[in-house]
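K.L.:
Here it is, the structure, as C-alpha cells.
What follows draws every value from the coordinates through simple rules; no lab data is involved. Quick caveat, the model's predicted, so the values are computed rather than measured. No Cβ is skipped: glycine too gets one built from the backbone with ideal geometry, and neighbour counts run over all protein chains shown.
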Amino acid sequence: MRALSYVVPILSIAVLTVIAALPWGLPTEERFFLPMLPVVAIHYWALRRPQAVPEWAIFMAGLLLDVFTHGPLGYWPLIYLAAYALGVLGQDTGRRGKLVRLANFAAALAAVAALGWAVASLYFLELADWQPYVRGAGLAALAAILIVPILHILDAPYGPRDDMSLTRGG
Amino acid sequence: MGRLRHDKLNLTRRGSEPSGPARIRVALPALVLICLGLLLLSRVNHSMLANARWRIAEWMSPVLQAAMVPLEPVRHVGRQIAAQVDMTEELRRLKTENQKLANWEWRARQLERKLLDLEALTKTVQEPKIDFVTSRVIADSSGAFVRSVMIDAGETQKVHAGYPVINADGLVGRVIETGLSSSRVLLVNDLNSRIPVVVGKTSVRAVMAGDNGAQPKLLFMPPDAKIMPGDDVATSGTGGLFPRGLRIGVVTGDPAAPRVKLRADLDVLEYLSVLFYDTPALDVPADASVPGVKTSTAREKDARFASPRPAGPEAPR
C-alpha cells in the first residue's frame with residue numbers, strides 16, 4: 001500500500017507525458033498545451049505530497065518528451081522542474097483552502113508558460129511568438145478541470161485529507 | 001496515545017513526512033544544471049546526443065504504438081464530427097471539382113497517348129517505378145522547435161534515411177533517422193527543410209524552405225521569374241534527393257515574397273507512405289572512383305545528407 005502511494009504520482013506523470021507525445025491531429029499552434037498536461041500533475045503532487053515525486057522522475061518525464069517530440073534535450077525537464085519547484089514553494093498555500101490553491105496553480109501555469117517562452121527565445125536567439133504559449137497555458141488550465149479530480153481520486157487513499165482539521169477542546 | 005492514531009494519519013510518527021517549511025532538495029539545482037548542459041549540447045548538435053536520443057526513441061516506440069490503440073477510436077470520433085460539420089460545403093465543392101476533373105480526364109488521356117507516341121519516337125528511357133511502404137504516425141512534435149513525426153516503419157520494412165515521404169495529398173517530408181521498427185520524418189515545413197522545386201507552367205526553379213510555420217517560403221528564384229498565386233509547386237528532382245514531379249502545393253501570398261500553401265495537411269497526419277527512392281545521381285559504384293579517392297555508396301551518401309541537424313535557425317544545409 002505504501003509503495004503504491006509512491007507509484008501512483010510517478011505513473012500519472014508518465015501517462016500524461018505519453019499522452020502529450022501522441023498525434024492527436026490538432027493544429028500546430030494549438031498543440032502547445034499537450035506538453036503542459038504533465039505540468040498539471042507535477043504541480044498537483046508537488047503541492048500535496050512533494051516527497052512522493054522524486055526530482056529524477058520529473059527530469060526523466062521531461063527528457064522522454066524531448067526524445068519523443070524531437071525537441072532539444074533538456075527543455076521540458078527544465079520546465080517540469082520549475083513547475084515542481086513552484087509547487088514545493090507554494091506548499092503553505094495548499095493548506096489555506098481551495099481558492100488559494102487554485103490561484104497558486106494559475107500563477108504557476110503562467111510562470112511556467114513564461115519560462116517556456118523565455119527558454120525557447122534564448123535557444124533560438126530571437127523572440128519567439130508568445131501567443132501559442134498563452135493559448136497553451138489557457139488550454140492546460142481547462143484540461144486541469146478534468147485532470148485534477150482524477151488525480152484527487154487516485155490520491156484519496158494515500159494523501160492528506162482535505163476534510164480533516166485538528167482543533168483543541170470541544 | 002491510541003487516540004492519536006487514525007487509519008490514514010499517524011500523528012505519532014516522526015521524520016518521514018516533513019511538516020516544516022517547504023524545502024527544495026539538493027537534487028533539484030543539480031538537475032537544472034544538467035538540463036542547461038543538455039540544452040547547450042543540443043544547440044551545438046552534439047553527435048553523441050543525437051545517437052542516444054534515437055536509441056531511446058526506438059526503444060520506447062512500442063509504448064507509443066500501444067498507446068495508439070485507445071487513441072484510434074478517439075481520433076475516429078473527432079474525424080466523424082469534423083466531417084459532419086462541413087458535409088454540405090464539402091459536397092458542393094466535390095461536385096464542382098468532379099465536373100472539372102471529368103474534362104481533365106479526357107484531356108489527360110489524349111495527352112498520355114501523345115506522350116507515349118513521342119517517347120516511342122525519341123526512344124526515351126522509361127522512369128523506374130518506385131515501390132513504397134505505408135505506415136502509421138505514432139508521435140508528433142509539439143512546441144516551437146521542430147516539425148517532425150515518428151512512424152512505425154523502420155529498417156525491418158527496408159526504410160532508410162533520405163527516403164521521401166508522401167500521403168494522398170502530396171509530399172510530406174523525408175526520413176531523417178531510422179531504427180529497426182520506427183523512423184523519424186522531417187516535415188517539409190521544418191526550419192531545416194530545403195527542397196528544390198519547380199513552380200508554375202514555366203517551371204521556374206526555386207528552393208522551398210520551411211520556417212516552422214504552416215506555409216514554407218520560396219527562395220532563390222531567378223530575378224525575372226513570373227509566378228502567380230495559384231501556381232503549382234512540385235519537386236524538381238535537382239540534387240537527386242527527391243524524384244521529380246511530387247506535388248507539394250500552390251503558390252500563395254505576396255508574389256514578391258511567395259509562400260507555398262501545402263496540399264497535405266501536416267497537422268492531421270495519420271498514414272504516410274515512404275517511397276523507396278534511391279538517389280540515382282549518387283548511385284556510383286565504388287570501383288568507378290578516382291584512384292586514391294574513397295567513394296561512398298549511395299546509401300552512405302544518403303545517410304550523410306539526411307543526418308539530423310540542430311533544431312536551430314542557423315542549422316547549416
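K.L.:
Just rank A:Glu55, B:Glu270, B:Glu58, fewest to most, by other beta-carbon atoms within 10 angstrom.
P.N.:
Fewest to most other Cβ atoms nearby, the residues stand as B:Glu270, B:Glu58, A:Glu55.
K.L.:
Can you compute 3J(HN,Hα) from phi for each residue in the stretch A:128-140, using the Karplus curve 6.51 cos²θ - 1.76 cosθ + 1.60 with θ = phi - 60°, rounded to whole Hz and x for Gly and Pro?
P.N.:
My calculation for the stretch A:128-140 gives 7, 5, 7, 4, x, 5, 5, 4, x, 5, x, 5, 5 Hz in order.
K.L.:
Amide H to amide H under 5 Å from B:Leu187: which residues, 5+ apart in sequence or cross-chain, H placed 1.01 Å off N in plane?
P.N.:
So B:Leu187 has HN proximity to B:Arg147, B:Ser148, B:Val149.
K.L.:
Report the label-to-label distance for B:Asp86 and B:Ile130 in nanometres (one decimal), using points 7 Å from each Cα along the Cα→Cβ vector.
P.N.:
My value for the distance between the label points is 2.8 nm.
K.L.:
Which value, in nm² and rounded to one decimal, describes the direction-averaged projected area of the C-alpha convex hull of the stretch B:132-275? Before the final figure, lay out each step's value.
P.N.:
Details: hull surface 31.8 nm².
If I average the Cα hull's projected area over directions, I get 7.9 nm².
K.L.:
So for the pair A:Glu29, B:Glu97, with labels modelled 7 Å out along Cα→Cβ, what separation do we get in nm?
P.N.:
2.4
K.L.:
While we're on this one: Under unit Cβ charges (Lys, Arg +1; Asp, Glu -1), what dipole magnitude, rounded to 20 debye, does chain A have relative to its Cα centre?
P.N.:
On the way: 11 positive and 10 negative charges, 151 e Å.
It works out to roughly 720 debye.
K.L.:
Now, a different point. So what are the ³J(HN,Hα) numbers for the stretch B:158-167, from phi and the Karplus equation (6.51, -1.76, 1.60; θ = phi - 60°), rounded to whole Hz, Gly and Pro as x?
P.N.:
My calculation for the stretch B:158-167 gives 6, 8, 10, 4, x, 5, x, 10, 10, 10 Hz in order.
K.L.:
So for A:Tyr44, A:Tyr123, fewest C-beta neighbours within 10 Å to most, what's the order?
P.N.:
Numbers: A:Tyr44 27, A:Tyr123 23.
Ranking A:Tyr44, A:Tyr123 by Cβ neighbours within 10 Å, fewest first, gives A:Tyr123, A:Tyr44.
K.L.:
Now a separate question. Using only the Cα atoms of the stretch B:73-208, build the gyration tensor, take square roots of its eigenvalues as a ≥ b ≥ c, and label the shape rounded, prolate or oblate: rounded if a/c is under 1.5, else prolate if a/b is larger than b/c, else oblate. Walk me through the numbers on the way to the answer.
P.N.:
Values: a/c = 1.91, a/b = 1.20, b/c = 1.58.
The shape class here is oblate.
K.L.:
Next question, about the same structure. Dipole of the stretch B:132-275, Cα-centred, from +1 at each Lys and Arg C-beta and -1 at each Asp and Glu C-beta, to the nearest 20 debye? Don't skip to the answer; put the middle values down first.
P.N.:
Numbers: 15 positive and 14 negative charges, 85 e Å.
Using only the charged Cβ atoms, the result is roughly 400 debye.
K.L.:
Quick one: order A:Phe33, A:Phe68 by neighbouring beta-carbon count within 10 Å, fewest to most.
P.N.:
Ranked by crowding around the Cβ, least crowded first: A:Phe33, A:Phe68.
K.L.:
Further, regarding this structure: Could you list the chymotrypsin sites (Phe, Trp or Tyr not before Pro) in the stretch B:130-231 that lie in coil according to DSSP, counting only those with at most 15 other Cβ atoms within 10 Å of their Cβ? Don't skip to the answer; put the middle values down first.
P.N.:
On the way: sites: B:Phe132, B:Phe145, B:Phe220; in loops: B:Phe145, B:Phe220.
Those satisfying the criteria are B:Phe220.
K.L.:
Only Cα pairs under 8 Å and at least 6 apart count here; give the relative contact order of chain A as a rounded whole percent.
P.N.:
28
K.L.:
May I pose another question? Please compute the contact order of the stretch B:132-275 in relative form: average sequence separation of alpha-carbon pairs under 8 Å and at least six residues apart, divided by the residue count, as a percent. Before the final figure, lay out the partial values.
P.N.:
Working: 383 pairs, mean separation 34.8, N = 144.
Contact order relative to length: 24 percent.
K.L.:
Counting pairwise Cα distances across the stretch B:64-136, what percent come out greater than 17 angstrom? Walk me through the intermediate numbers first.
P.N.:
Details: 1919 of 2628 pairs.
Cα-Cα pairs of the stretch B:64-136 separated by over 17 Å account for 73 percent.
K.L.:
Take the stretch B:27-103, drop everything but the C-alpha atoms, weight them equally and run the Debye formula without solvent; then report log10 I(q)/I(0) at 0.17, 0.26 Å⁻¹ to two decimals.
P.N.:
Scattering profile of the stretch B:27-103, log10 relative to I(0): -0.84, -1.10.
K.L.:
Right, next: Would you be so kind as to identify which of B:Val44, B:Asn98, B:Pro73 lies farthest towards the positive end of the dipole of the stretch B:27-103, taking Lys and Arg as +1 and Asp and Glu as -1 on Cβ and the Cα centre as origin?
P.N.:
So the residue we want is B:Val44.
K.L.:
With respect to the cross-link table entries B:Lys123/B:Lys226; B:Lys114/B:Lys226; B:Lys100/B:Lys217; B:Lys123/B:Lys217; B:Lys95/B:Lys201; B:Lys95/B:Lys158, which display a Cα-Cα separation exceeding 31 Å?
P.N.:
Those over the limit are B:Lys123/B:Lys226; B:Lys123/B:Lys217; B:Lys95/B:Lys158.
K.L.:
Further, regarding this structure: Across the stretch B:213-226, in residue order, what do the Karplus-derived ³J(HN,Hα) couplings come to in whole Hz, using 6.51 cos²θ - 1.76 cosθ + 1.60 with θ = phi - 60° and x for Gly and Pro?
P.N.:
Taking θ as phi minus 60°, the curve returns x, 6, 10, x, 8, 10, 10, 6, 8, x, x, 9, 5, 10 Hz for the stretch B:213-226.
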